[in-house]
Amino acid sequence: MEPLGDGDPRWVGAYRLLGRLGAGGMGRVYLARSERGRTVAVKVVQEELARQPAFRERFAKEVAAARRVGGEWTAPVLDADTEAETPWVATGYIAGPSLQAVVDDDYGPLPEHSVYALAAGLVEALRAIHGAGLVHRDLKPSNVLVTIDGPKVIDFGIARALDSVTSGGLTQTGAVIGSPGFMSPEQVRGERVGPAGDVFCLGSVLAYAATGRMPFGTADSGFHALLFRIAEEEPDLSGMSGPLRELVGSCLVKAAAARPSLDDLAARVRAHAPQGGTWLPGEVLAQLGRHAVRLLDSEDPEATSAGAFAPPAAVGTATPPPAPVGAPQGFTGMGVPSTPPPPSYPSQVPVTGPMNGPMSGPVAGPYGGNGRPWHSTPPPGVTAPYQVGAGTRPGTARSARGLSLALCAALSAMLLCALVQFFIDYTLYDDLEALTGDSLHSPDLDYESLVMTTDLMAALTALFGLPTIVLWLVWFWRIRMNAEAFAPGQIRYASGWAIGSWFVPVVWFFMPKQIINDICDHSDPTSSRARWYGPRQSSNRGLLNGWWTLWLIGLVGGFVNYEVWYDAATVEDAEGTVALSILLDLLAVPSTILAILVVLRLTALQEDRIASGR
């Protein structure tokens, strides 16, 4: 662990940073402690990536999916603010070295029984990751941490967010996403990577653990030469033999479809994995002990005698100034609270603003400010740590369940009216067809009764239609505001257009559909899986497209058929009007049913996302 530098923050959300663990293509990773003293790893996204809407959207979805993984073999996601100006995510810190450090620096190649135990743990970790709709795509020795209880996988899924700033698997500068030597052939070729890609990477990791070298060599002979060997040549598995060599070789097959599934691998590994006892050599266990001691010795880099987590006093003052917004108070150097935080202390304070961006606008109080960026430079008379305020999330999603139920009830009433109207129009058409003359006042037609029935149904339709329109507009506005809270600035058109677009001629032919498309895309808590594999997003969009098409046809048909049958000059004209009414009635039935399904689907997606805290 490296000490914090001048450009590093001292606080991220409610987490006090202790040092820098490393840096990668996505951002920097820090060792930190929560207000309750838990040691965590906090990853802060690069400012350049944070400015790209596509990356922010993918990152938010990856974090939401990663929250559900947890499990015995992975590092759980504990906290995140993906909507901050500088997004970040906090995961449980695993007190153990990486597999790369164990093999390269501490011990060397692992014995066969340790490799089998490693394989068993990694298979279970990938099962949990794939079960949450994620593909790791960056499984490598540095992303596998070694602990006494088994291996732990980190950075699952979140690395996938980098894909949002690429095209065809290549970065904007032409570099392939992934880690040289631990990529799958399909990843090298820039193709879509599925779960089988992780199986290939698993084989590379196991070969590295067993032999101490990468199965396709290093990039010393050239980066592109290494990629060619991965895509076209056989791996070097010398030094391995028997069932372990066969297992690793099956994972490293070039064709994705020919690789074994995780279930198959679990069954094959189970027969050889050690039962009971420790899975690691004694030298590695000793290294784990030393690693734990170093962690316990980690202190607040700018601790004071009053407590590491308390902000220092201003120069020339007898008492310290108020604590920064979001900063835990009264903590000792090891993160153990000497006094409990006040009841109003927030469990999570989002970070807003760039890491070292300049302050702008007034700041309320010496430590305060609404929505001000966090900063590494303190004001006069105060030394770091320092945090200029804490932002709030752009909006709060509110449940639309009550509105949706009322709207579905109103739509059901409209559906009933459409069915009754169909039978009335069908009967009227038969009566008109049976007339022999051209006059609607023929004694063979109960003209007065039919006119009364037509007017009564029109009144009932208007009676149920008015509250349906009002409920639809209120519901539509609410789910649009919720989607804005989920994905700030990514919903097309201002919130007022959620209502106004339905009343503006010509605009109603396209704008509401674009808004509802955005609502759908940003309301699904598991849309990351749908975006990669297709089924769920396709079903949502298919439902929306079907309803919208029928609604537009019905809207145009209503303008065409504006005349009532009893205003027609002849029986033939009346028959034509009624025939068109029958067609519109038949169209109204599936259109209303699809509208009910749209309301239920979008509301359910948002309820799931609200319930998951994302």
Return the pairs, sorted by first residue and then second, in which the second residue is surrounded by 20 or more Cβ atoms within 10 Å (Cβ to Cβ) and of a type in the set (Gly, Ala, Ser), the first residue lies in the range 402-415 and is at negative phi, the beta carbons are less than 6 Å apart, and the residues are 6+ apart or on different chains.
-> Leu411/Ala595
Criterion violated by Arg58 - all others in (1) assigned to a helix (DSSP H, G or I); (2) buried (at least 24 other Cβ atoms within 10 Å of the Cβ) satisfied = (2)
Starting from the range 186-215, keep only residues that are surrounded by 19 or more Cβ atoms within 10 Å (Cβ to Cβ), then list their pairs with residues that are aromatic (Phe, Trp, Tyr) whose Cβ atoms are within a distance under 6 Å, requiring at least 6 positions of separation or different chains.
-> Cys201/Phe182; Ser204/Phe182; Met214/Tyr208
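Quick check: anything in the range 16-24 under 26 Å from Ala487 (Cβ atoms) and charged (D, E, K, R)? Spell out the reasoning first.
Filtering the range 16-24 down to residues under 26 Å from Ala487 (Cβ atoms) leaves 24.
Still in the running and charged (D, E, K, R): none.
Scanning the range 16-24, I find no residue that is under 26 Å from Ala487 (Cβ atoms) and charged (D, E, K, R), so the answer is no.
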Would you point out which residue out of Asp81, Asp138, Asp149 is crowded, with 22+ Cβ neighbours inside 10 Å, under 27 Å from Pro260 (Cα atoms) and either in the same structural domain as Arg28 (by TED's automatic domain parsing) or among the β-branched types (Val, Ile, Thr) (or both)?
-> Asp138
Filtered residues of the range 458-491 (kept if small (Gly, Ala, Ser) and farther than 18 Å from Cys408 by Cβ) | Ala458, Ala459, Ala462, Ala483, Ala485, Ala487, Gly489
Taking the range 207-218 only, how many residues are under 16 Å from Asp138 (Cβ atoms) and outside any loop (DSSP other than H, G, I, E, B)?
-> 1
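Given the options Leu466, Leu456, Leu473, name the one that is touching a residue at least 24 places away in the same chain (Cβ under 8 Å), surrounded by fewer than 18 Cβ atoms within 10 Å (Cβ to Cβ), outside any loop (DSSP other than H, G, I, E, B) and at negative phi. Write out each step before concluding.
Numbers: Leu466 fails: touching a residue at least 24 places away in the same chain (Cβ under 8 Å); Leu456 fails: touching a residue at least 24 places away in the same chain (Cβ under 8 Å).
None of the others qualify; the one that does is Leu473.
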Evaluation of Leu78 against (1) in contact (Cβ under 8 Å) with a residue 24 or more places away in the chain; (2) outside any strand (DSSP E or B) (one fails), failing number | (2)
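Say whether the condition of being in a strand (DSSP E or B) and closer than 28 Å to Leu265 by Cα is met by at least one residue in the range 100-109.
Looking only at the range 100-109, we keep the residues that are in a strand (DSSP E or B), and these are none.
No: the range 100-109 contains no residue that is in a strand (DSSP E or B) and closer than 28 Å to Leu265 by Cα.
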Scanning the range 101-132 for residues that are surrounded by fewer than 22 Cβ atoms within 10 Å (Cβ to Cβ) and either in contact with a strand residue (DSSP E or B) (Cβ under 6 Å, 6 or more places away or on another chain) or within 22 Å of Ala80 (Cβ to Cβ) (or both) gives Ala128, His130, Gly131, Ala132
Given (1) free of Cβ contacts under 8 Å to residues at least 60 places away in the same chain; (2) assigned to a helix (DSSP H, G or I); (3) aromatic (Phe, Trp, Tyr); (4) closer than 20 Å to Thr461 by Cα, number of the condition Trp548 does not satisfy = (4)
Hey, could you check the range 497-552 for residues that are of a type in the set (Ser, Thr, Tyr) and either modelled with pLDDT of 90 or more or within 29 Å of Leu584 (Cα to Cα) (or both) and say which is surrounded by the most Cβ atoms within 10 Å (Cβ to Cβ)?
-> Ser501
For residues that are of a type outside the set (A, V, I, L, M, F, W, C), part of a strand (DSSP E or B) and surrounded by fewer than 16 Cβ atoms within 10 Å (Cβ to Cβ), tally how many sit in the range 20-44.
-> 1
Of all the residues that make up the range 264-282, how many are free of Cβ contacts under 8 Å to residues at least 12 places away in the same chain and not small (Gly, Ala, Ser)?
-> 2
Under the condition of being modelled with pLDDT of 90 or more and surrounded by fewer than 19 Cβ atoms within 10 Å (Cβ to Cβ), which residue from the range 395-407 is farthest from Tyr447 (Cα to Cα)?
-> Arg401
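Can you tell me which residues in the range 84-99 are part of a loop (DSSP other than H, G, I, E, B) and either more than 27 Å from the chain's Cα centre (by Cα) or outside the structural domain of Leu21 (by TED's automatic domain parsing) (or both)? Break it down stepwise before answering.
Let us first name the residues in the range 84-99 that are part of a loop (DSSP other than H, G, I, E, B), namely 84-87, 93-97.
Once the filter is applied, which keeps residues that are part of a loop (DSSP other than H, G, I, E, B) and either more than 27 Å from the chain's Cα centre (by Cα) or outside the structural domain of Leu21 (by TED's automatic domain parsing) (or both), the range 84-99 yields Ala95, Gly96, Pro97.
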Filtering the range 546-596 down to residues that are closer than 30 Å to Met511 by Cβ, in contact with a Phe, Trp or Tyr (Cβ under 7 Å, 6 or more places away or on another chain) and of a type in the set (S, T, N, Q) yields Ser591
Filtered residues of the range 141-160 (kept if hydrophobic (A, V, I, L, M, F, W, C) and at pLDDT 55 or above) = Val144, Leu145, Val146, Ile148, Val153, Ile154, Phe156, Ile158
Failed condition for Arg67, given (1) modelled with pLDDT under 85; (2) more than 30 Å from Asp608 (Cβ to Cβ) | (2)
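The values are calculated or read from the model by the stated rules, or taken from the named source; none is laboratory data. Since the model is a prediction, treat every value here as computed from it, not as a measurement. Here the Cβ is made from the backbone with ideal geometry for all residues, glycine too, and neighbour counts use every protein chain on show.
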